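These notes are about the structure you will find just below.
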Amino acid sequence: MSLHTKEELVLDSSEQLKAIAHDTRAKILRILEDGPASAKQLSGLLDMTHGNVGHHIKVLREAGFIEVVEERRVRALTERFYGLTYDRLRFSTNHSDRLQFTLSQAALEAMPAASQPFDPPAVFFTVRMSPEKAATFNDRLMTLANEFASAADDNGDRYGMTAAVFLTDTPRVEAGE
């Protein structure tokens with residue numbers, strides 16, 4: 001049963017990137033991928049105080065990542081359960097540091113190499129090619145990434161995918177130097 005209100009949330013502000021760049025807030029979002037949770041439940045799962053978790057919840061709510069999806073009366077208090085406002089995140093094409101954020105987030109979320117089910121779990125290449133050819137590879141890679149995101153279901157383990165074709169700042173030695 002999906003409680004999400006949007007299929008896709010477009011990250012288009014520095015505030016949104018800052019909100020999810022914090023390790024604790026990224027963990028909260030990953031936990032909520034499995035369904036709604038209360039601040040009390042999140043506190044237990046993260047081994048943090050209720051007040052600390054409450055701060056992170058506030059930041060995520062203000063940035064539009066989570067919302068209250070249910071309220072229950074527990075004795076004299078109201079317990080709120082939070083859920084995601086999206087099924088997937090997409091970075092705006094005009095945000096300057098989305099590449100660095102995406103790569104660092106993948107590094108944070110990835111399990112150690114010994115726990116990875118695929119060999120090799122990742123590759124990294126730096127090659128010289130024309131901008132037109134790089135654009136063609138980028139289009140193909142983004143098509144594959146969208147196919148990966150669309151293949152999600154409620155069964156099995158969680159897998160991540162990072163896809164990027166990018167310019168490097170590696171100096172280039174010209175012939176004859």
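The values are calculated or read from the model by the stated rules, or taken from the named source; none is laboratory data. A quick note: this is a predicted structure, and the numbers were derived from the prediction, not measured. Here Cβ is always computed from backbone atoms with ideal geometry, including for glycine, and neighbour counts include all displayed protein chains.
Condition first: without any contact (Cβ under 8 Å) to a residue 24 or more places away in the chain and of a type in the set (A, V, I, L, M). Can you find one or more residues in the stretch 64-72 that meet it? Looking through the stretch 64-72, at least one residue is without any contact (Cβ under 8 Å) to a residue 24 or more places away in the chain and of a type in the set (A, V, I, L, M).
The residue list 147, 132, 174 contains one member that is within 23 Å of residue 90 (Cβ to Cβ), of a type outside the set (Lys, Arg) and either at pLDDT 80 or above or assigned to a loop (DSSP other than H, G, I, E, B) (or both), which is 147. Among the candidates 137, 124, 118, 101, the residue that is aromatic (Phe, Trp, Tyr) and either over 16 Å from residue 167 (Cα atoms) or touching a His at 6+ places or on another chain (Cβ under 8 Å) (or both) is uniquely 118. Listed conditions (1) modelled with pLDDT of 90 or more; (2) over 22 Å from residue 16 (Cβ atoms) are all met by residue 77, apart from (1). Just one of (1) farther than 17 Å from residue 158 by Cβ; (2) under 17 Å from the mean Cα position of the chain (by Cα); (3) not basic (Lys, Arg) fails for residue 87. It is (1). For residue 24, the test of being in contact with a Ser or Thr (Cβ under 8 Å, 6 or more places away or on another chain), at pLDDT 80 or above and not assigned by TED's automatic domain parsing to the domain that holds residue 154 is failed. Residue 80 fulfils the conditions (1) surrounded by 16 or more Cβ atoms within 10 Å (Cβ to Cβ); (2) within 22 Å of the chain's Cα centre (by Cα); (3) more than 29 Å from residue 167 (Cβ to Cβ) except for a single criterion, (2). Looking only at the stretch 43-60, residues that are in contact (Cβ under 8 Å) with a residue 40 or more places away in the chain and of a type outside the set (Val, Ile, Thr) come to 1 in all.
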